[in-house]
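K.L.:
I'd like to ask you about the structure that follows.
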Amino acid sequence: MAKASLVRYRCGECGSVSLSWSGKCPSCGSWGTLYEEREEKEKKTSFKPLAPAALDEVTFPERFPSGLSELDRVLGGGWVAGSVVLIGGEPGIGKSTLLLQVCSFLGEKGTDVLYISGEESAAQVALRAKRLEARGGNLRLLCHDDIDEALSVAADARFVVVDSVQALRSADVGGWPGTISQVRAVTQRCIDFAKEKNVPVVLVGHITKEGQIAGPKLMEHMVDVVLLFSGERTSSYRVLRGVKNRYGSTDEVGLFEMSERGLSPVVDPSSLYWSGVESSVSGVAMGVVLEGSRPLVAEIQCLACPTPFPYPKRTARGIETSRVQLLLAVLERRCGCFSRTHDVYVNVVGGLQVRDPAVDLPLALALVSALKDVPLRPDLCMVGEVGLAGEVRPAPRTHLRIREASRLGFCRALVSSAERDMSRVEGVEIIAVKSLREAMGVVMR
Ligand SMILES: Nc1ncnc2c1ncn2[C@@H]1O[C@H](COP(=O)(O)OP(=O)(O)OP(=O)(O)O)[C@@H](O)[C@H]1O
Ligand SMILES: [Mg+2]
Ligand SMILES: [Zn+2]
């Protein structure tokens, strides 16, 4: 009997299916994301009888360390057997470096590792390995761009890296590597392999200009873990962040430093974002922000400069500009601190991107300090969210933050008076305030 094949079109963004092709997805409105999907209507005749398992009897998957503590932290405790992990990042950020280091660590310990590269020649990878002083051991290298053929030689590998999904192709579907249908097919092949052999497979993914992993959003749904590797071009620091993790929290971040010898975990992350200079410059305030479960001291710098123009500038790096504008409005309406005649520039030291709302209080006071040109005490750290009414609200895990600040030598902490039970932190004088106005009164003395 001839195979009856049904052609349909699936959107790579939202996964909706339509029977005719169009340039724009009828469901989510994305352009150019529909790709052809052929469903082979050949019914399987032999299948195993289904056997539901008792929950209590299901065995847990095996976990093993990656050799890099910061990576383990983001993974939730190491690689999980049978899982598929996607690591995305901009060109040159260090994806191949990271994975080569992991492969070398595992290979040296005797694990059979296969590194499949569709982008680079064996000589290129070997050159990098030499620079990283990576030892081979049981690490094998395969430079090939057909995923099916590549996985066919991976039979006894216990750890597989595919660099990258966009560079490999599957003969089952047409099109160039990197197209939506190809990326999806390659991902599916890797998932099948991982589940069948109970081996972790790590996929490298490219990233689009908008910061999304190139290819179908569906790919992110298909895999177990999605990690994003990022960093500033000008800085040697790299941040690894979980976007999705079926085996752990996505709150954790991993911090690395890139050098000629590869990536090394950052031992004392707080020192990254805090220059530690005892300065008497106005416009500088210290906050303690949470990155995942880890507190970091963040130095917020503001500069206010008089301008003759009616529309003053507000520029911010490391914090959303809208946050700065909002706090300037709160300062004006609730505290009588005007900024309309000044350009305002804000910067977070070290290239940290702060999303934690607890940065409001240090940011607001750095703004005040800059506008009034009065320096703040350098031994004071601040934690708190600021509301539209000018009230200072408590932040999660303030204790943890203050303890970190204390470790770095801060001896005063400005927090919300609604913060409960602040008595336990030793060596740090806690100053509790209700409102931003009150906080200004305390620090501007
Ligand atoms: N000799 C060197 N000294 C210091 N750093 C280097 C050196 N060579 C390369 N690097 C760093 O390694 C980075 C490239 O790393 P890698 O090839 O792992 O990136 P990638 O994310 O895999 O890139 P791509 O997307 O192009 O595959 C460079 O951007 C640079 O930061
Ligand atoms: Mg690479
Ligand atoms: Zn869609």
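K.L.:
If Ala122 satisfies all but one of (1) surrounded by 17 or more Cβ atoms within 10 Å (Cβ to Cβ); (2) in contact with a Cys (Cβ under 8 Å, 6 or more places away or on another chain), what's the number of the condition it fails?
P.N.:
Among (1) surrounded by 17 or more Cβ atoms within 10 Å (Cβ to Cβ); (2) in contact with a Cys (Cβ under 8 Å, 6 or more places away or on another chain), the lone unmet condition for Ala122 is (1).
K.L.:
How many residues, within the range 283-327, are closer than 30 Å to Val243 by Cα, among the β-branched types (Val, Ile, Thr) and buried (at least 17 other Cβ atoms within 10 Å of the Cβ)?
P.N.:
Matching residues across the range 283-327 total 6.
K.L.:
Moving to a separate point now. Residue by residue through the range 140-182, note down the ones that are open to solvent by 40 Å² or more (accessible area, probe 1.4 Å) and aliphatic (A, V, I, L, M).
P.N.:
Result: Leu141, Leu142, Val153, Ala155, Ala171, Val173.
Yes/no per residue for (1) free of Cβ contacts under 8 Å to residues at least 60 places away in the same chain; (2) over 19 Å from Val226 (Cα atoms); (3) under 24 Å from the mean Cα position of the chain (by Cα):
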{"site": "Val84", "(1), (2), (3)": "no, no, yes"}
{"site": "Ser104", "(1), (2), (3)": "yes, yes, yes"}
{"site": "Leu114", "(1), (2), (3)": "yes, yes, no"}
{"site": "Gly118", "(1), (2), (3)": "yes, yes, no"}
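K.L.:
Taking only pairs six or more apart or across chains, which ones have beta-carbon atoms under 7 Å, a first residue in the range 163-176 that is closer than 19 Å to Ser152 by Cα, and a second residue that is among the hydroxyl-bearing types (Ser, Thr, Tyr) and modelled with pLDDT under 90?
P.N.:
Val173/Ser181
K.L.:
Moving on to the next point. Report whether or not Arg73 is away from ligand 3 (no atom under 16 Å from the Cβ), over 20 Å from Glu196 (Cα atoms) and surrounded by 22 or more Cβ atoms within 10 Å (Cβ to Cβ).
P.N.:
yes
K.L.:
Still on this structure, I have one more. Within the range 101-115, identify whether any single residue is within 14 Å of ligand 2 (Cβ to nearest atom), assigned to a loop (DSSP other than H, G, I, E, B) and touching a Gly at 6+ places or on another chain (Cβ under 8 Å), and answer yes or no.
P.N.:
Scanning the range 101-115 turns up no residue that is within 14 Å of ligand 2 (Cβ to nearest atom), assigned to a loop (DSSP other than H, G, I, E, B) and touching a Gly at 6+ places or on another chain (Cβ under 8 Å).
K.L.:
Any residue at all in the range 135-154 that's free of Cβ contacts under 8 Å to residues at least 24 places away in the same chain and small (Gly, Ala, Ser)?
P.N.:
There is at least one residue in the range 135-154 that is free of Cβ contacts under 8 Å to residues at least 24 places away in the same chain and small (Gly, Ala, Ser).
K.L.:
Which of the residues spanning the range 1-33 are more than 8 Å from ligand 3 (Cβ to nearest atom) and at pLDDT 85 or above?
P.N.:
Hits for the range 1-33 are Arg8, Tyr9, Val17, Ser18, Leu19, Ser20, Trp21, Ser22, Gly23, Lys24, Trp31.
K.L.:
Moving on. Any chance you could count how many residues in the range 383-439 are open to solvent by 60 Å² or more (accessible area, probe 1.4 Å) and touching a helix residue (DSSP H, G or I) at 6+ places or on another chain (Cβ under 6 Å)?
P.N.:
2
K.L.:
While we're here: Checking Val344 against (1) over 22 Å from Ala432 (Cα atoms); (2) open to solvent by 20 Å² or more (accessible area, probe 1.4 Å); (3) outside any helix (DSSP H, G or I), which test does it fail?
P.N.:
(2)
Conditions (1) touching a helix residue (DSSP H, G or I) at 6+ places or on another chain (Cβ under 8 Å); (2) away from ligand 1 (no atom under 15 Å from the Cβ), marked per residue:
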| residue | (1), (2) |
| --- | --- |
| Gly82 | yes, yes |
| Leu86 | yes, no |
| Gly107 | no, yes |
| Glu133 | no, no |
| Leu139 | yes, yes |
| Glu149 | no, yes |
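The values are calculated or read from the model by the stated rules, or taken from the named source; none is laboratory data. Note that the structure is a prediction, hence the values are computed from the model and not measured. Positions of Cβ are backbone-derived with ideal geometry, glycine not excepted, and every protein chain shown enters the neighbour counts. The protein model used for the area step is the full one, side chains on, heavy atoms only, and it has no ligands, DNA or RNA in it. Shrake-Rupley method; radii C 1.70, N 1.55, O 1.52, S 1.80 Å.
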